Amino acid sequence: MNTNVFRPGQVPSFSSSQHGGEGDGRTAGASEKVIRTFRGILNKFTPEKFESLIRQVDELNINDEETLNTVVELVVDKALSEQSYSATYAQMCHHLKELRVSSQSSDGFVYFHKRLLSRCQMEFENRGLVKEKENNVSAAQEDPQQTRHKTHVRLLGTVRFIGELFKLKMIWEAIIHTCIVKLIKDECDDSLECLCKLLSIVGKGLDNEAERPKLNSYYCHICYLLKEKKMTPRIKFMLQDIVALRKNNWVPRRNDQGPKTIQQLHQEVKQAEEREQLQYEKGQTTIQQRGGGRLADRRQSFNVKVIPEKVNQISSRDCNGERKQQGHLGSSSCNGISKKPVEQKTPPKQAAALSQSFWLCNEEEVHRALKRLLQEKPVNGKIEEWIQNNFNYRQRSSEGFVRALVRAVCQSVIVNCGVYTLNTYELLDRVSLLKKYITDAQKQLLALNVLQQLVGHIDQPDGLLRMFFDVLWDEEVIQDETYFKWRSSTVSAKSVCNFFAMLEEANRRFN
């Protein structure tokens, strides 16, 4: 049995016993060092370090078939697990495409390019299915839903990587057509999502005189699926987006420039802070011109007077009487201004209103902070950690906090490309965050009201509210009963009448 057969997912062993001699053992040790160095280079790979790291790769002595197979394996696994860097790893493959080593089974050569294509073909045909995990635990012992999610993510990474290789002329049109046909024939949600991703990357390259007839047939089938096939709103939006992309001459509504460098991130944070400061100064100027504005009127109506000289001496005790550390957003519900009731007793109703006015001031601060945080596009875990560190349970459970959160999240997924539209993918990423804090029917209704106000503020673009409703219903953020309750309490539901017709039909069908 040949011990040099390449098995995907297996890092070859380089013990001298496999190679049968002391000299081969030294060669194996050198190859193991090459692979360890190459793996370290991959772990540091970013767009800004590409040139320096690729020179280090060139200096590696990749001179045998087994080492070449392992290099291919490591590159593909990295490209599939770090999909935002697919284009960068494809550029590395393009740089290494002429690499070749002597074959162990014949007198010819083994080429990096051919092994890379074989590896990508295996991944695509297996639909991202990994038979054994890295820790040798059977996939059957894993939660089925988790296994399905990993398989889907890996397949999505495979088609993305294949598309990036095609853009660099490392994969031919015939291979891309084969992949597209297989995905179209499958017609399941996972395959249709991968189809949209693949067409968004390779569509422009296929839209030429030679390939256009086949591309036309794919789009005819997509239009047929949109009219005849029942699918989730999420997949439907993806297919609609890919049709619109071609009509727009392959110019995306939102330019995806790939992963950003550290300098770009720092620049964006600086620009965001400057915009926030400019808006704050503009708001202060407006309040001064109006002689204090509504905020001053509200203070007078609640019999509250401001004591400016005690601004920096504010107590660190919040309005609920709980001890909080100063310096955190939300740690003082008075926002850095010491407010003191006048001497006469405040009736209970006015006291409740006073407490609410304190929170109203805080709610705007919470919204601004969340909006600023979401602009950096962190994972949901980081956002939840920030919320846990800055708000106690009572504050996190309040209606004011839910309003601020829903408003900030929804604003972050609305895209202005001449007309306002919804970035469905980003909203789906934030669904788990919304579910954590929209915990009952009252808060669900509150979220719908905030969403209606937000869409109304930008002149109610056609279909935008319906897109939000579809996603929130499909992902079970908002329940059917809450939607109907919202409709009965609002006078402006014309833009979502088709949504409620669908909802009523679904309820009749399952009841």
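The values are calculated or read from the model by the stated rules, or taken from the named source; none is laboratory data. Keep in mind that what you see is a predicted model, and the values were worked out from it rather than measured. We place every Cβ from the backbone using ideal geometry, glycine too, and count neighbours over all the protein chains shown. Ligands, DNA and RNA are stripped out before the accessible areas are found, and what is left, the full protein with its side chains, is counted by its heavy atoms. Shrake-Rupley method; radii C 1.70, N 1.55, O 1.52, S 1.80 Å.
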Worksheet entry | Meets criteria (closer than 20 Å to P252 by Cβ, out of contact with any Asp or Glu (no Cβ under 9 Å at 6 or more places or on another chain) and open to solvent by less than 30 Å² (accessible area, probe 1.4 Å)) for I222 | yes
Practice prompt. Give region 409-458 a look and list any residue that's in a loop (DSSP other than H, G, I, E, B) and in contact with a strand residue (DSSP E or B) (Cβ under 9 Å, 6 or more places away or on another chain), or say none.
Written response: V413, N423, I458
Fill in: Pair list, Cβ under 6 Å, 6 or more apart: region 90-117 residue buried (at least 16 other Cβ atoms within 10 Å of the Cβ), other residue among the charged types (D, E, K, R)
A90/E164; V101/D64; V101/E65; V110/E65; Y111/R100; H113/K97
Fill in: Residue satisfying condition, being farther than 23 Å from E504 by Cα and surrounded by 18 or more Cβ atoms within 10 Å (Cβ to Cβ), within set V455, V471, V431, V477
V455
Worksheet entry | Selection from region 157-178 of residues that are open to solvent by 10 Å² or more (accessible area, probe 1.4 Å), assigned to a helix (DSSP H, G or I) and not aliphatic (A, V, I, L, M) | R160, E164, F166, K167, E173, H177, T178
Discussion item. Here is a check on your reading of the model: is R403 basic (K, R), open to solvent by less than 30 Å² (accessible area, probe 1.4 Å) and in the same structural domain as L374 (by the TED database)?
Written reply: no
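Condition check ((1) open to solvent by less than 30 Å² (accessible area, probe 1.4 Å); (2) in a helix (DSSP H, G or I); (3) modelled with pLDDT of 90 or more) across all residues:
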position: G25; (1), (2), (3): yes, yes, no
position: A30; (1), (2), (3): no, yes, no
position: V34; (1), (2), (3): yes, yes, no
position: K49; (1), (2), (3): no, yes, no
position: L68; (1), (2), (3): yes, yes, yes
